[in-house]
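Notes follow the structure.
Derivation of every value follows stated rules applied to the coordinates shown; laboratory data play no part. Every value quoted in this text rests on a predicted model; they were computed, and no experiment measured them. Note that we place each Cβ from the backbone using ideal geometry, even for glycine, and neighbour counts take in every protein chain shown.
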């Protein structure tokens, strides 16, 4: 199967590298506005590719996306260059929207012209309103935003570390916006099937303090990373490669991911079943009243953001 990656900067390169190392696809095409950069990145990875599953990675132009089952779009200004690294700024990643919307207006029609049947995965920040824009530009519904899949993994990692449990044994989700209005679904968190509230009680841990500390770490994880390395790239690269596998293999995996919701009138993260056509089904989560209210507020934020660029 064939995957395209638009953008060979920090995030695009991380996505391509994860695709190669995981053996996610047989063919990978890198497209960048600077062809020499895409060629350099593809060449560098090609020399190490014999150590992974058989894969052909090459630089190309939009026409070379023909036959792709999935195209990732990573192009755009990032949080560092776009000035979105202030923890006190409620806009967060949404500050990047206007600039990156202009870039998407150029890219998406060219992707659709070359690969009309491909699922489009929006990786660029802010991914949710950009997915709404891409959906309108593409004229089809095979659109996914990476959404809060990475946020949910961060949550699982921090809960596991705090309790001394492997993150793989933690079930926890963040829904809504991939941004400052994201919703931590504490009511559904489990450790090996045990409600998190019960696990905290057994250890005599104060739930409010526990949740507040972890929310602070997770909500601003991207900024912490950027402060040390200028870009948050490797986690999203691995997440994007995993989403590609779900699509290419028609896995019907259920994850929190950015999908368009008629109920909320926006693309936001909800539990969804992912397969060859993108989101095959969206599942309605059971939330407590405060979480439901927060999710509605997050949806309102995203609708307003998209209305600004529509």
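How would you classify the stretch 205-310 from its alpha-carbon gyration tensor, with a ≥ b ≥ c the square roots of the eigenvalues: rounded for a/c under 1.5, else prolate if a/b is greater than b/c, otherwise oblate?
In terms of gyration-tensor shape, rounded.
Would you please give the FRET efficiency between residue 197 and residue 99, computed as 1/(1 + (r/R0)^6) with r the Cβ-Cβ distance and R0 = 51 Å, to the nearest 0.05?
FRET efficiency, residue 197 to residue 99: 0.75.
Suppose R0 equals 45 Å. What FRET efficiency, 1/(1 + (r/R0)^6) with r the Cβ-Cβ distance, do residue 208 and residue 34 give to the nearest 0.05?
0.35
Which angle between 0 and 90 degrees, to the nearest 10, do you get for helix 207-219 versus the longest principal axis of the chain when only C-alpha atoms count?
Computed tilt is about 20 degrees.
Given the DSSP H assignment, sum -39500 (n - 2.57) over each helix run of at least 4 residues in the chain and divide by its residue total; what's the result at 222 nm in deg cm²/dmol, nearest 500?
Mean residue ellipticity, 222 nm, calculated: -14000 deg cm²/dmol.
Note the direction-averaged projected area, equal to a quarter of the hull surface, for the Cα convex hull of the stretch 45-97, in nm².
Mean orientational projected area (the stretch 45-97, Cα hull): 6.3 nm².
Need the full-extension length gain, residue 46 to residue 141, defined as separation in residues times 0.36 nm minus the C-alpha distance. One decimal, nm.
Net length gain for the segment: 30.9 nm.
Going 7 Å from the Cα of residue 61 toward and past its Cβ, which residues in the stretch 102-126 have a backbone nitrogen under 16 Å from where you end up?
107, 110-115
Nearest 10 degrees, 0 to 90: what angle lies between the long axis of helix 234-248 and the longest principal axis of the chain (Cα atoms)?
Orientation of helix 234-248: about 70 degrees from the principal axis.
What residues from the stretch 1-30 fall in the zone where the backbone N is under 19 Å from a label point 7 Å along the Cα-to-C-beta line of residue 80?
7-18
Rounded, prolate or oblate: pick one for the stretch 169-262, where a ≥ b ≥ c are the square roots of the eigenvalues of its C-alpha gyration tensor, a/c under 1.5 means rounded, and failing that, prolate if a/b is larger than b/c, else oblate.
oblate
Report, please, the projected area of the stretch 89-192 averaged over directions, based on the convex hull of its C-alpha atoms, in nm².
With every direction weighted equally, the projected area is 8.0 nm².
Give the angle, between 0 and 90 degrees and rounded to the nearest 10, that separates the Cα long axis of helix 149-163 from the longest principal axis of the Cα atoms of the chain.
Result, in degrees: 40.
With every atom except the alpha carbons ignored, what do you get for Rg and Dmax of the chain, in angstroms?
Here Rg and the maximum Cα pair distance are 18.9, 60 Å.
Given R₀ = 35 Å, what would the calculated FRET efficiency be for residue 297 paired with residue 53, taking r from the Cβ atoms and rounding to 0.05?
Given R0 = 35 Å and the Cβ-Cβ separation, E is 0.20.
Report Rg(Cα)/(2.2 N^0.38 Å) for the stretch 2-147, keeping two decimals.
1.03
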